[in-house]
Amino acid sequence: MKSIEEVRYRKNQGESEKNTSEAVTLDRLIQRRSWNEAKSREQNKRTSVINLNSETIAEHEEQAGVEEKQVEEDND
């Protein structure tokens, strides 16, 4: 038969292991969330750069079209 101290010790040990396991799980969730947020921020930066580049290209094309029309008008 187990002594009361042994039962208490095992109960406390089990609680400690459970708490440690929960803390590790929580840490992993926090790390994953932080990683996902960082990845999302990086993706947003890339999208912003792509959008900015697209706008710049469109502006250059528009300017080239205006200049082309001016050349055609000057030739007429």
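What is the calculated FRET efficiency for residue 34 to residue 13, with r their C-beta to C-beta distance and R₀ = 35 Å, to the nearest 0.05?
0.65
Taking 0.36 nm per residue of sequence separation and subtracting the Cα-Cα distance, how much length would be gained by fully extending the chain between residue 56 and residue 2, in nm to one decimal?
Fully extending the segment from residue 56 to residue 2 adds 11.6 nm.
Taking +1 at the Cβ of each Lys and Arg and -1 at the Cβ of each Asp and Glu, which of 26, 16, 38 sits farthest along the dipole of the chain towards its positive end, judged by Cα position relative to the Cα centre?
16
Whole percent per 5 Å bin, from 0 to the bin with the longest distance: what is P(r) over all C-alpha pairs of the chain?
3, 12, 7, 9, 7, 7, 7, 5, 7, 5, 5, 5, 4, 4, 3, 3, 3, 2, 2, 1, 1, 0, 0
Taking θ = phi - 60°, what integer Hz values does the Karplus form 6.51 cos²θ - 1.76 cosθ + 1.60 yield along the stretch 18-26, in sequence order, with x for Gly and Pro?
5, 4, 4, 4, 5, 5, 5, 4, 5
Values quoted throughout were computed directly from the atomic coordinates according to the rules given, and no laboratory measurement underlies them. What you see is a predicted model, and the numbers here were worked out from it, not measured in a lab. Ideal geometry is used to build each Cβ from the backbone, glycine not excepted, and the neighbour counts take in all protein chains shown.
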